[in-house]
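Following: one structure in structure tokens, then a few remarks.
The values are calculated or read from the model by the stated rules, or taken from the named source; none is laboratory data. Computed from a predicted model, the values in this text were never measured in an experiment. Here the Cβ is made from the backbone with ideal geometry for all residues, glycine too, and neighbour counts use every protein chain on show.
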Amino acid sequence: MLANEKIYNNEDLKGMLKESEINGDEMQGNYFAIGDNGKAYQASYVNKYLPGGTFFFCIPASVKILGYVPA
């Protein structure tokens, strides 16, 4: 397992947000990106660079992000 990933439990998904729900200065911060492979990856959201803000994370290209959970 990589240093930026962890296996998540179903209870971790209770606070999951869609990417479209995360915007604005008050939502900036650290999150876990929930992948369809059963793993969560460290992610950061900043309200810069593009309209609506940008997420920064490093995941394998084959992983689909299901949503985000505040860290």
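The residue that is surrounded by the most Cβ atoms within 10 Å (Cβ to Cβ), among those in the stretch 4-27 that are hydrophobic (A, V, I, L, M, F, W, C) and part of a strand (DSSP E or B), is Leu17.
Which count do you get for residues in the stretch 22-39 that are of a type in the set (Gly, Ala, Ser) and at pLDDT 90 or above? Can you show your working first?
We begin by selecting, within the stretch 22-39, every residue of a type in the set (Gly, Ala, Ser); these are 24, 29, 33, 35, 38.
Going one step further and asking which of them are at pLDDT 90 or above, we end up with 29, 33, 35.
Residues in the stretch 22-39 being of a type in the set (Gly, Ala, Ser) and at pLDDT 90 or above: 3 in total.
Within the stretch 28-67, the set of residues being buried (at least 16 other Cβ atoms within 10 Å of the Cβ) and farther than 19 Å from Glu5 by Cβ comprises Asn47, Gly53.
Contact map, the stretch 43-71: first residue free of Cβ contacts under 8 Å to residues at least 60 places away in the same chain, second residue surrounded by fewer than 11 Cβ atoms within 10 Å (Cβ to Cβ) and assigned to a loop (DSSP other than H, G, I, E, B), Cβ cut-off under 7 Å, separation 6 or more or different chains; pairs are Asn47/Gly24; Thr54/Lys48; Val63/Asp36; Lys64/Asp36; Leu66/Asp36; Gly67/Lys18. For the stretch 1-21, the candidate set comprises residues that are among the small types (Gly, Ala, Ser) and closer than 13 Å to Gly67 by Cα; within that set, the residue that is modelled with the highest pLDDT is Ser20.
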